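The structure appears right after this line, and notes come after that.
The values are calculated or read from the model by the stated rules, or taken from the named source; none is laboratory data. Quick caveat, the model's predicted, so the values are computed rather than measured. Cβ placement follows ideal geometry from the backbone for every residue including glycine, while neighbour counts extend to all protein chains displayed.
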Amino acid sequence: MNMSCEQIGELLPDYLQGSLSGAKKSMVEAHLAECADCKDEVAVWQKLALLPVEQPSAESRLRFEAMLHAYQEGRSDRGKAHFERERSVHEPARPGSTWSLWQWLRTPVGAVAWSAALLLIGLFAGNFYGARTTHEPTASNQDQIAQMELELRNTRQLVVLSMLQQQSASERLQGVSYSQREQQLDPQVTTALLHTLRYDGSVDVRLAALGALSNHSAQPQVRRGVLDALQEQQSPLVQVALIDQLVEWRDREAAQQLKNFEQKPDLNPAVKQRAAWAVSKLN
Amino acid sequence: MLQVRDGAGETLGVLFDRYQTPLYNFYAKLTGDRTLSEDLVQEVFLRILKYSRSYQPGTPFRAWIYQIARNARVDHYRKTPKHISFEPEMAPPVKPKDEAQESQEAEMLHRALLQMPEEKREILILSRFQELKYEEIARLLGCELGTVKTRIHRAIQELRHVFRQLESGATAAGSAGAASAPAIPPRRVGS
């Protein structure tokens, strides 16, 4: 059947990404063999591969580190100033605006200025009403540090969460090991680790996730998650590790479930034996 | 405290190493301006530090980072009118290579891209160079999957049109034997 260019156009994006198969793919190819315009569209798309992947300059990494350092030191404004200075070498000066004032007020220095202004207003008002006003000069700084600590903590969580989603197992492993740096697991990270324990494609990553969770047995969610993971686990290695963990936690509630687990028909004999041992230990 | 700081720096460093080149290429192809592209990449990572709490766990990280990247660019142009970024000659990304013809084609493709309306250029770059799936692009642009495909197809049609026009212009100039003839006059493209 001959298809019109319009009909082909609907299929073309999928064809170009290689996600068409069977009859649809054949139809597109038959049309391309006959239609010079559509064929040329494909050719131009393919030619885009000629555009090179460019590398950013080496300075880029250094600037990033400077920005990070400035941010961590609580002086992100200095980092910004550094960028602006760098940029001004290449570009004309930009007009100031109320927006940049607003941006500045959001920076730590801006915040200190705000605090100072508010403090003055407070003092003035206090005097006006005849009340004595006391103030802590470092209070706003401490607030900022606490705020920044919180932001960095959140960043770390974010990084762990994103790394657990990576394609490569070694990067996911890295994500798991980063998560272990926190004394307290954030609920979102806990959920992500439990998800990894249950569904990750790599045995190594699943085992690492179990290791990362092993210090957090106080959280009922973790105990329950480990028990649930056992029910779905296919790898004998991980099964044994999960059983051992439950024994180590002396999780008596797990005994009954382990008993049921032991009865599973297609269980590896070594795992079966381990489960029986665990049940005797926990009872 | 120190460990938290160091940890965040180190881990953000991992992200920087992974995403700086794709993001830089996204911006470079979109704006044709290398300096600006590097500035915007820095801005993206500053924003990741600042707005990490807005990340919704479970959503793909790549889509989130491109969302930030698009916003950073929009905010930049809000502050700075575009006037230098769209002169292809300002920053030709392609260095002359041995394969003269390929190099010429690549340069012309780059020019053709820069002459396209911004929306079409962006969707082409996202789909062709950033390895984003159509579903991810749809989420990023806030539209339906079908719309994304239609828009990609229209963008390809336009790219082909502009590219072939540039090509025939260059051929005509070449056959006229005018060695000093300007290649293609840089054309400004509105947003």
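Computed quantities for the displayed model
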read-out	value
Breaking point among (1) under 30 Å from B:Leu46 (Cβ atoms); (2) of a type outside the set (D, E, K, R); (3) in contact (Cβ under 8 Å) with a residue 24 or more places away in the chain, for A:Val159	(3)
Of the criteria (1) closer than 14 Å to B:Lys149 by Cβ; (2) without any contact (Cβ under 8 Å) to a residue 12 or more places away in the chain; (3) more than 39 Å from the chain's Cα centre (by Cα), which one A:Glu10 fails	(3)
Residue under evaluation A:Ala58, criteria (1) touching a helix residue (DSSP H, G or I) at 6+ places or on another chain (Cβ under 8 Å); (2) farther than 17 Å from B:Leu124 by Cβ, criterion not met	(1)
Residue match in region A:37-50 (condition: among the charged types (D, E, K, R), assigned to a loop (DSSP other than H, G, I, E, B) and surrounded by fewer than 16 Cβ atoms within 10 Å (Cβ to Cβ))	no
Long-range neighbours under 6 Å by Cβ, at least six apart or interchain, first residue at negative phi and touching a residue at least 40 places away in the same chain (Cβ under 8 Å) within region B:99-119, second surrounded by 21 or more Cβ atoms within 10 Å (Cβ to Cβ) and small (Gly, Ala, Ser)	B:Leu114/B:Gly32
Unmet criterion (only one of (1) over 16 Å from A:Met163 (Cα atoms); (2) assigned to a helix (DSSP H, G or I)) for A:Gln188	(1)
Qualifying residues in region A:131-147 (those that are part of a helix (DSSP H, G or I) and more than 9 Å from chain B (Cβ to nearest Cβ)) - the one modelled with the lowest pLDDT	A:Ala139
Selection from region A:1-24 of residues that are within 11 Å of another protein chain (Cβ to nearest Cβ) and surrounded by fewer than 18 Cβ atoms within 10 Å (Cβ to Cβ)	A:Cys5, A:Glu6, A:Glu10, A:Asp14, A:Gln17, A:Ser19
Single condition A:Gln166 does not satisfy, out of (1) in a helix (DSSP H, G or I); (2) surrounded by fewer than 20 Cβ atoms within 10 Å (Cβ to Cβ); (3) more than 8 Å from chain B (Cβ to nearest Cβ)	(1)
Of all residues in region B:140-172 being free of Cβ contacts under 8 Å to residues at least 12 places away in the same chain and facing another protein chain (nearest Cβ under 7 Å), the one that is nearest to A:Leu11 (Cα to Cα)	B:His153
